[in-house]
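Please treat every number below as a calculation from the coordinates, not as lab data. Note that this is a predicted model, so its numbers are computed, not measured. FYI the Cβ positions are ideal-geometry reconstructions off the backbone, even for glycines, and counts take in every protein chain you see.
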Amino acid sequence: MITTKMSLDLKNEGILATAIHPGWVKTDMGGPTASIDTVKSVTGCMSVMEKLHGEEGTGKFYHGVTGDTIGW
Ligand SMILES: NC(=O)c1ccc[n+]([C@@H]2O[C@H](COP(=O)([O-])OP(=O)(O)OC[C@H]3O[C@@H](n4cnc5c(N)ncnc54)[C@H](OP(=O)(O)O)[C@@H]3O)[C@@H](O)[C@H]2O)c1
C-alpha cells in the first residue's frame with residue numbers, strides 16, 4: 001500500500017516508486033541455505049531498476065531475480 005500511495009503522490013514529479021523482491025538471499029536473515037548470493041540478488045535488482053520507466057515502472061512489485069511482476 002505504501003508503494004502504491006507513493007507512486008500516485010510522486011507521479012507528477014516524475015518519480016517512480018516500486019517494490020522489488022530480492023529473492024531468498026544468503027545473508028544473516030536469509031541464512032546459509034538460501035538459494036542465491038548477494039551479488040546475484042543485487043545484480044538482478046539493479047537490472048530491474050534500469051528497465052523501470054513510465055506507467056509500467058511505478059506502483060508495481062517486481063521480482064529482482066526473474067524480473068517478473070508479482071501481483072499485490
Ligand atoms: N535475505 C532474504 O532472503 C530476504 C528476502 C526478502 C526480503 N529481505 C529484506 O531485505 C532487507 C535486508 O535483509 P538482509 O537479508 O540483508 O538482512 P540481514 O543480513 O539481517 O541485514 C540486515 C541489516 O540491517 C541492519 N539493521 C538492522 N536493524 C537496524 C537498525 N535498527 N538500524 C540500522 N541498521 C539496522 C543490520 O545492521 P548490523 O549488521 O549492524 O546489525 C544489517 O546490516 C530486509 O528488509 C529483509 O526483510 C530479505
**Linear extension gain, Asp28 paired with Phe61, 0.36 nm per residue minus alpha-carbon span** = 9.5 nm
**Item:** Rh (Kirkwood; distinct C-alpha pairs) - the chain, Å
**Value:** 12.8 Å
**Prompt:** Tell me, Met6, Met46 in order of fewest to most beta-carbon neighbours within 10 Å?
**Reply:** Met46, Met6
**Request:** Assign unit charges at the C-beta atoms only (+1 for Lys and Arg, -1 for Asp and Glu), then state the dipole size of the range 2-63 relative to its Cα centre in Debye, rounded to the nearest 20.
**Result:** 120 debye
**Complete:** Most exposed to least, judged by fewest other Cβ atoms within 10 Å, Asp28, Asp37 sort to Asp28, Asp37
**Message:** On a full-extension model of 0.36 nm per residue, what is the gain between Ala19 and Thr38, subtracting their alpha-carbon distance, rounded to one decimal in nm?
**Reply:** 5.1 nm
**Complete:** Residues Met29, Met49 in order from fewest to most other beta-carbon atoms within 10 Å are Met29, Met49
**Request:** Check cross-link reach from Lys60 to the aspartates and glutamates: straight Cα distance under 20 Å, and skip same-chain residues fewer than eight apart.
**Result:** Asp9, Glu13, Glu50, Asp68
